[in-house]
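Data block below; observations after.
The values are calculated or read from the model by the stated rules, or taken from the named source; none is laboratory data. As the structure is a computational prediction, the values presented were derived from the model and not from experiment. Heads up, the Cβs are rebuilt from the backbone with ideal geometry, glycines too, and the neighbour counts pull from every protein chain shown. In case anyone asks, the SASA skips ligands and DNA or RNA and just uses the protein heavy atoms, side chains included. Shrake-Rupley method; radii C 1.70, N 1.55, O 1.52, S 1.80 Å.
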Amino acid sequence: QVQLVESGGGLVQPGGSLRLSCAASGSIFSIYTMAWYRQAPGKQRELVAAISSGGSTNYADSVKGRFTISRDNAKNTVYLQMNSLKPEDTAVYYCYAEINAGSNPSGRYLEVWGQGTLVTVSS
């Protein structure tokens, strides 16, 4: 069984910072893209940032220059550093990963989601 476990959400004032972490565990041969999505109340889930296994990144326009995604392949972990937070960043943040599960390159391809962590930006 492969799972993603997020941590680091919480309440922060506008202009503040938070760092989200997401660790993958289970029978994992390799991890391809890892990403963070978010879903605000009444809105669709949207991509915030993604990072490939080689370290290439892309960001939603709304977070460029404020958020930084990174990963530690040895720990099967992805991070999201969020600076200069705004009230409109308030949402449940979900970790996502494309995983080759098993013990060899011919394992199962899985798209896995975390359970979500709430980020609230408010004074």
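Here Y79 clears all of (1) crowded, with 16+ Cβ neighbours inside 10 Å; (2) of a type outside the set (V, I, T); (3) free of Cβ contacts under 8 Å to residues at least 40 places away in the same chain except the condition numbered (3). For the stretch 33-45, indicate whether the set of residues that are over 10 Å from the mean Cα position of the chain (by Cα) and among the aromatic types (F, W, Y) is non-empty. Within the stretch 33-45 (the criterion being over 10 Å from the mean Cα position of the chain (by Cα) and among the aromatic types (F, W, Y)), the answer is no, since none of the residues qualifies.
Is it the case, given these coordinates, that S84 is out of contact with any helix residue (DSSP H, G or I) (no Cβ under 6 Å at 6 or more places or on another chain), at pLDDT 95 or above, not acidic (D, E) and not in a strand (DSSP E or B)? For S84, the condition - out of contact with any helix residue (DSSP H, G or I) (no Cβ under 6 Å at 6 or more places or on another chain), at pLDDT 95 or above, not acidic (D, E) and not in a strand (DSSP E or B) - is met.
Just to be sure before I move on: is A49 more than 19 Å from E111 (Cβ to Cβ) and surrounded by 14 or more Cβ atoms within 10 Å (Cβ to Cβ) in the structure I sent? The answer is no for A49. Quick one: would you say S52 is at pLDDT below 95 and over 24 Å from V12 (Cβ atoms)? It is false that S52 is at pLDDT below 95 and over 24 Å from V12 (Cβ atoms).
When the stretch 28-43 is limited to residues that are of a type in the set (A, V, I, L, M) and in contact with a Phe, Trp or Tyr (Cβ under 8 Å, 6 or more places away or on another chain), the one that is farthest from N100 (Cα to Cα) turns out to be A35.
Looking across the stretch 104-123 at every residue that is among the aliphatic types (A, V, I, L, M) and in contact with a Gly (Cβ under 6 Å, 6 or more places away or on another chain), the one that is most open to solvent (accessible area, probe 1.4 Å) is identified as L118.
Taking the listed residues A101, A40, A74, A91, the one that is surrounded by 17 or more Cβ atoms within 10 Å (Cβ to Cβ), out of contact with any Pro (no Cβ under 9 Å at 6 or more places or on another chain) and not charged (D, E, K, R) is A101, with no other qualifying. For the stretch 13-33, a residue qualifies if it is within 13 Å of L80 (Cβ to Cβ), in a strand (DSSP E or B) and open to solvent by 50 Å² or more (accessible area, probe 1.4 Å), and exactly one does: R19.
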